[in-house]
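K.L.:
Below is the structure I would like to discuss, written out as structure tokens.
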Amino acid sequence: MSDRPLIRFEQVSKTYPNGTVALSDVGFAVEAGTIHAICGENGAGKSTLMKILSGLEAPTSGGLAIDGLPVRIDNPRAAAALGIGMVHQHFSLIGGLSVTENILLGQEPRHGPFVDRAKARARVLDLASRYSLDVDPDATLSTLSVAAQQKVEILKALSRDTRILILDEPTAVLSPPETEELFRRLVALREQGLTILFISHKLKEVRELAQRVTTMRAGRVSGDAAMSDVSDDAIARLVMGEATTSTIVRPEPQSGTPRIAVCGLTLRARDANDRLDAIHLDIRPGEILGIAGVDGSGQRGLVKVLAGSRRPDAGTISWDGEPVVGERTGALRRRGLAHLPADRFRDGGSRRLTLTENALAGAHRGYRFGPLLRPRAMVERTRAIIDTFGVRCPGPLAPLGALSGGNAQKIIAAREFGTNPRFLIADQPTRGIDVAAANFIQDQIVALARSGCAVLLLSADLDELLRLSTRVSVLYAGRLVATFPNSPDLTPARLGPYMLGLEVAA
């Protein structure tokens, strides 16, 4: 490593007013023109460190140097002036605006007092061509798939002459083909001279992309090495302190009437990504049915219909042989529905409410004394959840929004699993979660299935689907194109052609 790297973190520390220590004396360097990975468990301090680099947080002590010179980055504008852009795990885009408006928001070209729309559109097309990121400048953002929105977020970050690009868990919402495409783009960006900081829990991705890796644990740097000098096992030990493994034996479905039976399910949604075309499926008690598919193949529509938030245009749904089409979410929850949603903040919980309020939402009746709630008992129950699920947080009364995405997911999962459900919809249950937490949640899903719960598992991680599922069905363009019993010869390579619409089961 050179004596004058592009970025140097110099004993950076961050302590919040409530006493939470997020970072302690973090120091390492990043070379120009490289992809530098940062690995660590949820709550290890990765995102906090990147927020400091991008001007969203201020360090309590320590500092940064860019090109060998000390810098003070007080806000995102100061970061942008230094050529730093960040693509967050949860996109900072506005659904009702066009692609062009999102990318150039705050830096629109003007003709007198008015925005020059033609020039803005041309600028976006030039930006897209320069970085080989194909987008429709006129499309409304909310109509795009998650993968397409990610392109917009990257272009937004690159629109300010960016030379340092920060990517926080960029593959969490992508299918394998979309991940491969993203990796090709990142390599091309690196070859154009960009320096990329890549945050990921997935060692396979880190190994494929990065030239160097820094590992963090409990707010400190636990390791910093060239990828060629460190093994995956060594990285895992540096991240977690010890190797974490989980051997899962898939449950056996029960015989008899399916818990969930769907016949001819059709949804004519305005958003093409939500549409369903004559879906047939069933899930027995004790079975985990995995759903594979490229993002935007109808997964969101299927979840909405089965969770009771949308009524289908045609078809039937039954629970244990009893029709339930038209029943809303509340009625289905009383039947035993639990739902772990893909977006933990938008659909799973409230950022402003406390962990106790989020963890026990819907379970208040169990904490009443006459007409009054027993807040002490609720707080103690939440403490137990925090300990059991390994949630890194200031305490039961902290707001959910103070947690990292992975730790927030643990709170939502604890709430849903604790209802002893008869039917669980697990939508991207381990997205953005470290290996230890992912193993824990996967074990909990399998335990629920063993107890007789029927599970619908949707995941962009094909390894996770194949590890947990009894059967795997493939969605493509709103149609169920294949269903396979899980077996050693069912691999991501075999599922791939069905996911891309190249094959349909007879």
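Throughout, read-outs are computed from the coordinates displayed, never taken from laboratory work. Bear in mind the structure is a predicted one, so any value in this text is a computation, not a measurement. Here the Cβ is made from the backbone with ideal geometry for all residues, glycine too, and neighbour counts use every protein chain on show.
K.L.:
Counting only DSSP beta bridges with both residues in region 7-240, tell me the antiparallel percent, nearest 5. Before the final figure, lay out each step's value.
P.N.:
Working: 23 of 41 bridges.
In region 7-240, DSSP labels about 55 percent of beta bridges as antiparallel.
K.L.:
Just flag the trypsin sites (Lys or Arg not before Pro) in region 1-107 sitting in loop per DSSP whose Cβ has no more than 15 other Cβ atoms within 10 Å.
P.N.:
Arg72
K.L.:
I would also like to ask the following. Amide H neighbours of Val221 under 5 Å, at least 5 residues apart or on other chains, H built in the peptide plane: list them.
P.N.:
HN-HN under 5 Å from Val221: Gly27.
K.L.:
Sticking with this one: Under 23 Å between C-alpha atoms is the cut-off here; go through region 7-240 and count lysine pairs that meet it, provided they're at least eight residues apart or on different chains.
P.N.:
13
K.L.:
At 7 Å along the Cα-to-beta-carbon direction for both Thr257 and Arg376, put a label point, then send me their distance in nm to one decimal.
P.N.:
Result for the modelled spin labels: 4.6 nm.
K.L.:
If you don't mind, another one. Please state the relative contact order of region 7-240 as a whole percent: Cα pairs under 8 Å, 6+ residues apart? The partial results should precede the final answer.
P.N.:
Working: 435 pairs, mean separation 66.5, N = 234.
Answer for region 7-240 is 28 percent.
K.L.:
Could you work out the relative contact order of the chain? I mean the mean sequence separation of Cα pairs under 8 Å and 6+ apart, divided by the number of residues, in percent. Working shown, then result.
P.N.:
Numbers: 1049 pairs, mean separation 78.8, N = 506.
Averaging sequence separation for qualifying contacts and normalising by length gives 16 percent for the chain.
K.L.:
Could I ask something else about it? Which order results if Ser473, Ser255 are arranged by neighbouring Cβ count within 10 Å, fewest first? Don't skip to the end; give the middle numbers.
P.N.:
Values: Ser473 22, Ser255 8.
The order, fewest Cβ neighbours first, is Ser255, Ser473.
K.L.:
Using DSSP, restrict attention to beta bridges with both residues in the chain and report what percent are antiparallel, rounded to the nearest 5. Write down the numbers at each step before the final one.
P.N.:
Values: 44 of 79 bridges.
Of those bridges, close to 55 percent are antiparallel.
K.L.:
If you line up the long axis of helix 117-130 against the longest principal axis of the chain, both from Cα atoms, how many degrees apart are they, to the nearest 10?
P.N.:
In the chain, helix 117-130 runs at an angle near 90 degrees to the longest axis.
K.L.:
Right, here's the next one. Evaluate the Debye formula for region 7-240 with equal point scatterers sitting on the alpha carbons, no solvent, and hand back log10 of I(q)/I(0) at q = 0.07, 0.10, 0.13, 0.17 Å⁻¹, in q order, two decimals.
P.N.:
Calculated log10 I(q)/I(0) at the listed q: -0.23, -0.47, -0.79, -1.28.
K.L.:
Let me ask something else about it. What is the fewest-to-most order of Asp295, Asp443 by other Cβ atoms lying within 10 Å of their Cβ?
P.N.:
Details: Asp295 19, Asp443 14.
Ordered by Cβ neighbours within 10 Å, fewest first: Asp443, Asp295.
K.L.:
Let me ask something else. Measuring from centroid to centroid over Cα atoms, what is the spacing of region 182-196 and region 414-454 in Å?
P.N.:
Using only Cα atoms, the two centres lie 36 Å from each other.
K.L.:
Per DSSP H run of at least 4 residues, take -39500 (n - 2.57); add these up for the chain, divide by its residues and hand me the 222 nm value, nearest 500 deg cm²/dmol.
P.N.:
Numbers: 16 runs with 157 residues, N = 506.
After summing the helix terms and dividing by the residues of the chain, the value is -9000 deg cm²/dmol.
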